[in-house]
Amino acid sequence: MSLFHHKKKPSTDTIENGVKLVTALEPKNIVSEQFRTVRTNIDFSSVDTEIKTLLFTSSEVSEGKSTVSGNTAVAWAQQGKKVLFVDADLRRPTLNATFGLVNTQGLSTILANNEDYHSVLNESGVDNLTIITSGPVPPNPAELLNSNRMKNFLRSAENEYDLVILDVPPLLSVTDTQVLAANVDGVVLVVRQGVAQRAAVTRSKELLTMVHANLLGYVLNDVEPKNGYGYGYGYGYGYEGSLKG
Ligand SMILES: Nc1ncnc2c1ncn2[C@@H]1O[C@H](COP(=O)(O)OP(=O)(O)O)[C@@H](O)[C@H]1O
Ligand SMILES: [Mg+2]
């Protein structure tokens with residue numbers, strides 16, 4: 001079956017309600033097992049360079065970036081890695097809702113005010129997993145994310161954590177992610193069946209190549225719900241060959 005069919009409407013529900021962390025709530029669920037496989041495959045996709053900073057992105061909104069990055073972050077934390085999960089989607093933030101946190105300060109405030117990030121760390125409720133929410137939506141997200149302050153923040157955080165994971169906006173709508181992709185060790189592209197168009201995925205790859213990003217692989221977010229709860233869908237992880245639908 002082709003991965004590149006009809007376009008679905010972007011959803012806003014995760015901005016209000018957060019994403020479902022099946023890995024934290026139901027570790028024995030088959031979907032949690034799929035996220036652990038995604039985690040393992042990402043671990044294996046970079047043998048020579050250690051990945052300390054990582055972002056999950058996609059071509060368009062609502063392809064599952066926040067769902068996939070959140071669940072994979074939990075899976076790494078459950079494995080014993082000390083993980084910092086940062087909401088760098090300053091336009092459609094979700095981490096505050098997912099983890100039930102207030103968002104009056106976060107990434108945008110430390111970058112705007114040149115503050116130390118230790119003042120905006122939050123516990124997640126999951127062992128080994130620390131959260132930085134987006135902070136209030138700023139007028140200039142791209143500028144903040146492209147700043148030396150952002151680079152310095154990443155460099156300090158990677159010294160303190162085993163893994164720093166960023167949830168970011170989609171590649172094709174704004175420049176935020178292209179800029180960030182150049183400043184992290186690895187990028188994973190989430191491709192959702194029914195949302196991603198083939199041309200969009202190709203364009204995303206070009207944008208990443210342009211900034212010499214290290215594209216580690218793809219998470220195929222295959223949404224064919226087999227029951228009413230949106231469970232039973234599959235998460236696969238692959239390389240370019242797996243995208244030929
Ligand atoms: N595999 C999936 N099956 C069913 N629903 C999904 C799946 N992946 C994501 N969703 C839903 O799609 C919507 C958008 O997901 P989200 O992770 O917020 O995407 P993004 O961060 O890329 O905008 C949410 O309602 C989420 O619950
Ligand atoms: Mg999101």
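The values are calculated or read from the model by the stated rules, or taken from the named source; none is laboratory data. Bear in mind that the values here come from a model prediction, so they are computed numbers and not experimental data. In this analysis, Cβ positions are derived from the backbone assuming ideal geometry, glycine residues included, and neighbour counts consider all displayed protein chains. Keep in mind that these areas ignore ligands, DNA and RNA; they rest on the heavy atoms of the full protein, side chains included. Shrake-Rupley method; radii C 1.70, N 1.55, O 1.52, S 1.80 Å.
Summarising the label geometry, the points placed 7 Å from Cα in the beta-carbon direction at Asp48 and Leu121 lie 3.4 nm from one another.
Of the residues Asp222, Asp176, Asp13, the one with the largest accessible area comes first in the ranking Asp13, Asp222, Asp176, computed with a 1.4 Å probe on protein heavy atoms.
Note on the chain: antiparallel DSSP beta bridges, both residues inside, total approximately 25 percent of the bridges counted.
Across the options Val188, Val86, Leu154, the greatest Cα extent toward the positive end of the charge dipole of region 13-243 (unit charges at beta carbon of Lys, Arg, Asp, Glu) belongs to Val188.
With all protein chains in place and a 1.4 Å probe, the accessible surface of region 13-243 carries 49 percent carbon and sulfur.
Principal axis extents of the Cα atoms in region 159-205, from largest to smallest and rounded to whole angstrom, are 38, 21, 14. With 26 Å as the limit on Cα-Cα distance, the pairs of Lys28/Lys65; Lys82/Lys205; Lys20/Lys82; Lys20/Lys205 that go past it are Lys82/Lys205; Lys20/Lys205. Potential lengthening of the chain between Val211 and Asn114 amounts to 32.3 nm, from the contour at 0.36 nm per residue minus the alpha-carbon distance.
Among complete DSSP H helices in the chain, those whose alpha-carbon atoms stretch at least 15 Å along the helix's long axis and whose mean Kyte-Doolittle hydropathy reaches -0.5 are 30-45, 65-78, 198-210.
For region 97-222, how big is the tail of P(r) above 20 Å, as a whole percent of Cα pairs? Roughly 49 percent, rounded to a whole number. The order of the peptides 51-57, 113-119, 142-148 by mean Cβ neighbours within 10 Å, most packed first, is 51-57, 142-148, 113-119. Helix content alone sets the calculated 222 nm mean residue ellipticity of the chain: runs of n ≥ 4 DSSP H residues at -39500 (n - 2.57) each, divided across all residues, give -10000 deg cm²/dmol. Largest first, the extents of the alpha carbon coordinates of the chain on the three principal axes equal 49, 39, 38 Å.
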